[in-house]
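The values are calculated or read from the model by the stated rules, or taken from the named source; none is laboratory data. Owing to the predicted nature of the structure, the values given are computational and were not obtained by experimental measurement. All Cβ positions, even for glycine, are placed from backbone atoms using ideal geometry, and neighbour counts span all protein chains on display. With ligands, DNA and RNA removed, areas are computed over all heavy atoms of the protein, side chains included. Shrake-Rupley method; radii C 1.70, N 1.55, O 1.52, S 1.80 Å.
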Amino acid sequence: MARTHNLGFPRIGAKRELKFALESYWKGESSLDELNTSGAQLRQRHWAHQAQLDLAAVGDFAFYDQVLDMSFTLGNLPERVQGFHGDALDNAFRVARGRSAKGAEDHAACCGGVAAGEMTKWFDTNYHYIVPEFSATTQFKLDASRLLEHLAEAKAQGVKAKPVIIGPVTYLALGKAKDDSDKLALLPRLLPVYADLLATLAAQGIEWVQIDEPILVTELAAEWQQAYHTAYQALATGKGEVKLLLATYFGQLLDNLPLACSLPVRGLHLDAVNARVEVEAVIARLPQDRVLSLGVINGRNIWKTDLSATLDWLEPVARQLGSRLWVAPSCSLLHVPVDLESEQKLDTEVRSWLAFALQKLDELKVLATALNQGRDAVRSELAENTAAIAARRASPRVNNPKVKAALASISTSLGQRKNTYTTRADKQAALLNLPLYPTTTIGSFPQTGTIRHARSQFKSGQLDAAGYKAAMHAEIERSVREQEALGLDVLVHGEAERNDMVEYFGEQLDGYAFSQFGWVQSYGSRCVKPPILFGDISRPKPMTIEWIKYAQSLTSKPMKGMLTGPVTILNWSFVRDDQPRSVSCYQLALAIRKEVLDLEKAGVRVIQIDEAALREGLPLRKSQWQDYLDWAVTSFRITANGVEDETQIHTHMCYSEFNDIIASIADMDADVITIETSRSDMELLDVFDHFNYPNEIGPGVYDIHSPNIPTQEQIVKLMQKAAERIPAKRLWVNPDCGLKTRQWEEVIPALTNMVAAAKVLRASA
């Protein structure tokens, strides 16, 4: 009998309950007890959803981030927060965002804000985790209280619990040594704490523990491969009766396949969506007493699984493995929305092709029933699924001959600027007349309650188009006036009319559909609602021109046109699985190119094309990077490079380690690139010690994901570090990302300090 289990469930809630509970607490509007009650209610509901499975995930719930929670479980707290005397959850928030709630730290000896932990992308997803911090003196000490609390709740609910933890080798690999020490040297200190954790779980009567080791799908140096042998040999002794299910996901094992199969664990989870070709080899190598868990439902995308096709290849595996076969989603369902049943306004035809988290669990149940009882036991479910799969393939809405013809006509000339950066820079300098260390922002300003109310009224029909336009014009004017008062050099219109940097564009492109409640956690309380790319993409009409023209009419200063680039739109969408991602990206590039040319025609001479997600689309193995970078960079160049020399093209990238792809970023040939560097203390600029970046760059000096306000002195210090690597004449001063999530009372003093810092820098140049 095949068993079913789940690797993790979306924790934000079907209606973003966790987001609102967190933000209420952080604002001081609710208590810590109320926040904890909200978390317990969400866990109870999510376990109830998994009741149909043989084992449910416990410990996957986090108030902010599962990697941060693992750091606290292991006692690995940054030195700057080790003296905090308040609640542990408040301390976790201090690491995550620089501070906890208003008033929550008043009683603490070390009250006040601290530097927030570095944040980066979880493998190739749009989820951000808080990077563990190490040094040569790092010590570990078990604190299993959070996990034990969740297990007690699950036990009281009758949940068949499978605790989920991050494995020791992946935990070390995800972290960063702050003193250039060897992270692997910490493994002997770390393993006893893991052994204690497993023994603690065994004492609770736990049979199976899911231990996540996703770095096994990446390229590993010999010493990291050896670390796996060392770690799991150590954990194989003294852990009581607990059984380890080693979970890998997001890719193929490739050269790590023999290693994964040889480790002394009781089960192995393989992402059979991305690594189906490896199933046969894993079965051949895995010892006969080991469980093989196959992730047969895509945990990263929202299309229905072709259940009959899946059964065609899975049934022989089930006959071969018998009770050793477990079936599951490919990875945690953290990366998909909760419930499709909430979507009553979604395009009916497109809706029939989709499955969110709850529907994926239903698909899992159908597959298990078919395996264990035969297909006749789920005949109607399989027939309904087959009809939906066939309807999607045959739909004329999916394929547009005109778009395909435009794609076929792409030539290399589309991606070429008329002249080199040096020539362009002189022309742009003469036109824009900017000072040394010019100041700007990344695009958005606070999305106030007034903005959200107007948008809600407009969508519900309570506000007509003229009223909505007037409301947005008022917000745009406010943004412009504030920027002029601050003394910024290149202004933005503030993006009041945009709900999301991807969704806004997708709503105006043919080939996209949109959910109401398809929220996915990006980090902490930040959620995104990825648009659904279901067909060929085209732009029926201009998308931003009128808003930018209005903003420019309010000021004599340069106004940036703000666009999201094709690679980011692709990577932050739920994409088609019926054609290569590169094809969809080229389609997006042609559509956004039209918008760029229309902005230029409207007199906009500074155009920012955000590619915040460029790096996260990289394959997890470096040997496969170049193919992706070739089509990603080409897509950006197609989008950006049809303009005249005088038009200055900016691009923005945030929260991604880009040092190892700097040559490809340079090949994008943007006139100005703005990047995140504030949380890393300009560490991301180390690459420029060895790479002569040819164009202009704005290293972010204001961490907008923290409520902390940078001082003038801090900004000057950061920019002085940047000037050691980049000539001052090619440096810009800017925040590290858009300001939509901040409040005006935070933004104004932060930008005041930023402008003042720029003046200090100019005076000392």
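In table form, for the structure just shown:
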| item | result |
| --- | --- |
| Test: residue in the range 337-348 that is in a helix (DSSP H, G or I), at negative phi and among the β-branched types (Val, Ile, Thr) | yes |
| Answer residue from the range 271-302, given it is in contact with a Lys or Arg (Cβ under 9 Å, 6 or more places away or on another chain) and assigned to a strand (DSSP E or B) and is farthest from Leu361 (Cα to Cα) among those | Val291 |
| Condition broken by Arg417, with the remaining ones in (1) without any contact (Cβ under 8 Å) to a residue 60 or more places away in the chain; (2) part of a loop (DSSP other than H, G, I, E, B) satisfied | (1) |
| Subset of the range 143-167 (residues that are of a type in the set (D, E, K, R) and either touching a Gly at 6+ places or on another chain (Cβ under 9 Å) or open to solvent by less than 10 Å² (accessible area, probe 1.4 Å) (or both)) | Asp143, Arg146, Lys155, Lys162 |
| Qualifying residue in the range 642-652 (condition: in a strand (DSSP E or B), in contact with a helix residue (DSSP H, G or I) (Cβ under 8 Å, 6 or more places away or on another chain), crowded, with 19+ Cβ neighbours inside 10 Å and hydroxyl-bearing (Ser, Thr, Tyr)) | yes |
| Conditions (1) modelled with pLDDT of 95 or more; (2) under 24 Å from the mean Cα position of the chain (by Cα); (3) not in a loop (DSSP other than H, G, I, E, B); number of the one not met by Asp660 | (1) |
| Any hit, the range 57-75, residues being open to solvent by 40 Å² or more (accessible area, probe 1.4 Å), more than 22 Å from the chain's Cα centre (by Cα) and either more than 29 Å from Phe9 (Cα to Cα) or among the hydroxyl-bearing types (Ser, Thr, Tyr) (or both) | no |
| Residue check, Thr170 surrounded by 15 or more Cβ atoms within 10 Å (Cβ to Cβ), within 17 Å of Gln225 (Cα to Cα) and of a type in the set (S, T, N, Q) | yes |
| Qualifying residue in the range 424-437 (condition: farther than 27 Å from Trp47 by Cα and under 27 Å from the mean Cα position of the chain (by Cα)) | no |
| Looking only at the range 339-364, and only at residues there that are of a type in the set (Gly, Ala, Ser) and surrounded by 20 or more Cβ atoms within 10 Å (Cβ to Cβ), the one that is nearest to Asp306 (Cα to Cα) | Ala355 |
| Checklist (1) in contact with a helix residue (DSSP H, G or I) (Cβ under 9 Å, 6 or more places away or on another chain); (2) without any contact (Cβ under 8 Å) to a residue 12 or more places away in the chain applied to Leu190, failing item | (2) |
| Helices (runs of 4 or more DSSP H) enclosed by the range 518-637 - at least 3 residues per element that are under 26 Å from the mean Cα position of the chain (by Cα), surrounded by 22 or more Cβ atoms within 10 Å (Cβ to Cβ) and among the aliphatic types (A, V, I, L, M) | 566-571, 581-601 |
